[in-house]
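S.K.: My questions all concern the structure below.
Every read-out reported here was derived from the displayed coordinates using simple, explicitly stated rules and does not represent laboratory data. Please read all numbers here as calculations on a predicted model, not as lab measurements. Note that we place each Cβ from the backbone using ideal geometry, even for glycine, and neighbour counts take in every protein chain shown.
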Amino acid sequence: MANDLTGKKVAFLGAGKMGGIILQALLNNGLLSAKSTCATVAHEERAKALSAKLNVKVGTNNVKAAQGADIIVIGVKPQVVEDVIREISEHITPKQMIVSVAASVPTAMIEKNLPPNVPVIRAMPNTPCLLGVGMTAVCKGKHANAEHVALTCHMFDVVGRTVVVDEKHMDAVTALSASGPAYIYIILESLAEAGVKVGLPRDIATLLAAQTTLGAAKVVLETGDHPALLKDAVTTPAGCTIDAIMELEEGKLRVTLIKAVVKAAQRAKELAYG
Ligand SMILES: NC(=O)c1ccc[n+]([C@@H]2O[C@H](COP(=O)([O-])OP(=O)(O)OC[C@H]3O[C@@H](n4cnc5c(N)ncnc54)[C@H](OP(=O)(O)O)[C@@H]3O)[C@@H](O)[C@H]2O)c1
């Protein structure tokens, strides 16, 4: 399987929010052609609407979609993954590759429901993939090789950054970067409220909060500097930032964020099992 999507047939089984984002991005970027791409959802009306929107074949028959596809992306909810894999299993061969974006579902759980030697990859993207600024972690199952990993990274590079991890880290990734946008939106919403409290119009407060978050994240990514050092550079002795930091420490922002990620990681271990 060459590290190139040209001419590859790709089937998205469960093109909901996340599957739909990846599918649309790959079409928009010309990595996939509408002709060689198809998708499934659970409901006929959704299939019709999605097909009209993306101009690709969308149906509700997983077996039909999976047959003859080079890459099968599984985008259904974690509790549905095993059913979908069992449904398509007898039509799958080791020449195909399965890429699951489902949280929590181990590659071994997928592999055990497939014929021997079918390569399985797990990918954990996040919703900012919608604008090409997503974060996706990728790991491989027992029968996948470096080429399968490279091809998967190539797919997800289109929608942001990609990192390869050991499968043992996938629940932690789910808790940090896949759920992470929700934490950041709460922080942004709170900062915007704070701006309103100190007299700013709401639209300006939201802009200041969002651009500041983006800017701080960009500095961390581009300098590679430790966030604590960057924070120190903003914190003038006896200035106003240190007063704000004291409030954050008293409100236990750090430990609250740590505990939130720990809880989400624990839940990520359970999701596949109902
Ligand atoms: N949302 C995120 O931020 C995020 C991030 C990383 C990973 N994920 C993973 O992505 C997966 C989907 O999450 P989501 O948020 O995109 O959920 P979603 O919007 O509910 O998408 C699930 C899709 O699966 C379809 N579906 C259900 N049963 C099916 C079946 N038997 N065969 C084919 N399609 C079926 C649904 O069809 P209908 O539309 O007709 O109901 C829907 O389009 C989950 O496993 C989740 O862990 C999500």
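S.K.: Percent antiparallel among DSSP beta bridges with both residues in the chain, to the nearest 5?
M.R.: Approximately 15 percent, going by the DSSP bridge assignments.
S.K.: Continuing with this model, one more query. Where nothing but the Cβ of Lys and Arg (+1) and of Asp and Glu (-1) is charged, how large is the charge dipole of region 180-268 around its Cα centre, in debye to the nearest 20?
M.R.: With Lys and Arg at +1 and Asp and Glu at -1, about 400 debye.
S.K.: In angstroms, what radius of gyration and Dmax does region 66-146 have, counting Cα atoms only?
M.R.: My reading of the Cα-based Rg and Dmax gives 12.5, 37 Å.
S.K.: Pull up all non-local amide H partners of Thr162: gap of 5 or more, or a different chain, and H-to-H distance under 5 Å with H placed in the peptide plane.
M.R.: Counting only residues 5 or more places away or on other chains, the set is Thr136.
S.K.: With 28 Å as the limit, write out which pairs from Lys8/Lys218; Lys53/Lys142; Lys17/Lys140 have Cα-Cα distances beyond it, or answer none. Don't skip to the end; give the middle numbers.
M.R.: Working: Lys8/Lys218 34 Å; Lys53/Lys142 37 Å; Lys17/Lys140 23 Å.
In this structure, Lys8/Lys218; Lys53/Lys142 lie more than 28 Å apart at Cα.
S.K.: When the dipole is taken about the Cα centre of region 120-168, and only Lys, Arg (+1) and Asp, Glu (-1) are charged at their Cβ, what size is it in debye, to the nearest 20? Walk me through the numbers before you get to the answer.
M.R.: Values: 5 positive and 4 negative charges, 25 e Å.
With Lys and Arg at +1 and Asp and Glu at -1, about 120 debye.
S.K.: I need the phi-derived Karplus couplings for region 88-105: 6.51 cos²θ - 1.76 cosθ + 1.60, θ = phi - 60°, integer Hz, Gly and Pro marked x.
M.R.: 8, 2, 5, 9, 9, 10, x, 6, 8, 10, 9, 10, 9, 9, 6, 5, 6, 7
S.K.: So if I restrict to the alpha-carbon atoms in the chain, what is the Rg, and what is Dmax, the biggest pairwise distance, in Å?
M.R.: 21.2, 69
S.K.: Calculated FRET efficiency, Leu257 and Arg46, Cβ-Cβ r, R0 45 Å, to nearest 0.05? Intermediate results must be reported in sequence, preceding the final value.
M.R.: Numbers: r = 36 Å, r/R0 = 0.79.
Taking R0 as 45 Å, the efficiency between Leu257 and Arg46 is 0.80.
S.K.: Once phi is turned into ³J(HN,Hα) by the Karplus curve 6.51 cos²θ - 1.76 cosθ + 1.60 with θ = phi - 60°, what whole-Hz value does each residue of region 168-185 show in order, with x for glycine and proline?
M.R.: For region 168-185, the Karplus curve yields 4, 8, 5, 5, 5, 4, 4, 5, 8, 8, 7, 7, x, x, 5, 5, 5, 5 Hz.
S.K.: Still on this structure, please answer the following. Want the number for Tyr183 to Lys197: 0.36 nm per residue separation, take away the alpha-carbon distance, what's left?
M.R.: Extending this stretch completely gives an extra 2.9 nm.
S.K.: Report, to one decimal in Å, the Kirkwood hydrodynamic radius for region 1-129 based on all distinct Cα pairs.
M.R.: Taking every pair of different Cα atoms in region 1-129, averaging 1/r and inverting gives 14.5 Å.
S.K.: Also: Can you give the FRET efficiency to the nearest 0.05 for Thr236 and Gln266, using r as the Cβ-Cβ distance and R₀ = 30 Å?
M.R.: Efficiency for this residue pair is about 0.15.
S.K.: Going by Cα centres, region 185-204 and region 205-270 are how many Å apart?
M.R.: Value for the Cα centre distance between the two parts: 16 Å.
S.K.: Okay, moving on. Quick one: which residues, 5 or more positions from Val99 or on another chain, have an amide H under 5 Å from its amide H? H modelled 1.01 Å from N in the peptide plane, none for Pro or chain starts.
M.R.: Ile72, Val73, Ile74, Ile121
S.K.: Further, regarding this structure: Classify region 180-268 as rounded, prolate or oblate from the Cα gyration tensor: take a ≥ b ≥ c as the square roots of its eigenvalues, call it rounded if a/c is under 1.5, otherwise prolate when a/b beats b/c and oblate if not.
M.R.: Judged from the Cα gyration tensor, region 180-268 comes out rounded (a/c under 1.5).
S.K.: Going by how many other Cβ atoms sit within 10 Å of their own, how do Thr235, Thr136 line up, fewest first?
M.R.: Details: Thr235 14, Thr136 25.
Lowest to highest Cβ neighbour count: Thr235, Thr136.
S.K.: I'd like the Kirkwood hydrodynamic radius of region 12-80, using the inverse of the mean 1/r over distinct C-alpha pairs, in Å.
M.R.: 11.8
S.K.: Oh, and also: For His148, His43, His91, what ranking results if the residue with the fewest other Cβ atoms within 10 Å of its Cβ goes first?
M.R.: The most exposed by this proxy come first: His43, His91, His148.
S.K.: Which one, Leu54, His154, Val219, projects farthest toward the positive side of the charge dipole computed for the chain from Cβ point charges (K/R +1, D/E -1)?
M.R.: Leu54
S.K.: How far, in nm, would the chain grow between Thr60 and Val133 when pulled straight, counting 0.36 nm per residue and subtracting the alpha carbon separation?
M.R.: Separation in residues times 0.36 nm, less the Cα-Cα distance, equals 23.3 nm.
S.K.: Where nothing but the Cβ of Lys and Arg (+1) and of Asp and Glu (-1) is charged, how large is the charge dipole of the chain around its Cα centre, in debye to the nearest 20? Provide the component values of the computation, followed by the final result.
M.R.: Working: 28 positive and 25 negative charges, 149 e Å.
Computed about the Cα centre, the dipole is about 720 debye.
S.K.: Turning to a different aspect of this structure: Once amide H atoms are built 1.01 Å from N in the peptide plane, which residues 5 or more positions from Thr40, or in another chain, come under 5 Å H to H?
M.R.: Phe12, Leu13, Gly14, Ala15, Gly59
S.K.: Now a separate question. Over the chain, what is the relative contact order in percent, taking alpha-carbon pairs closer than 8 angstrom and at least six residues apart?
M.R.: Reported relative contact order: 16 percent.
S.K.: In which sequence would Val84, Val163 go, from the one with the fewest C-beta neighbours within 10 Å to the one with the most?
M.R.: Val163, Val84
S.K.: Compute the signed sum of charges (Lys and Arg +1, Asp and Glu -1) over the other residues within less than 15 Å, Cβ to Cβ, of Ala25.
M.R.: +2
S.K.: Enumerate the calculated ³J(HN,Hα) couplings along region 245-259 in order (Karplus 6.51 cos²θ - 1.76 cosθ + 1.60, θ = phi - 60°), each rounded to whole Hz, writing x wherever the residue is Gly or Pro.
M.R.: Running phi through 6.51 cos²θ - 1.76 cosθ + 1.60 with θ = phi - 60° gives 4, 4, 5, 4, 5, 5, x, 6, 4, 4, 5, 5, 5, 4, 5 Hz.
S.K.: For the charge dipole of the chain, defined by +1 on Lys and Arg C-beta atoms and -1 on Asp and Glu C-beta atoms about the Cα centroid, which residue among Ala144, Leu13, Pro201 has the Cα displaced farthest towards the positive pole?
M.R.: Leu13
S.K.: Another one. Under 13 Å from a point placed 7 Å out from the Cα of Asp166 along the Cα-to-Cβ direction: which residues of region 250-274 have their backbone N that close?
M.R.: From region 250-274, the list is empty.
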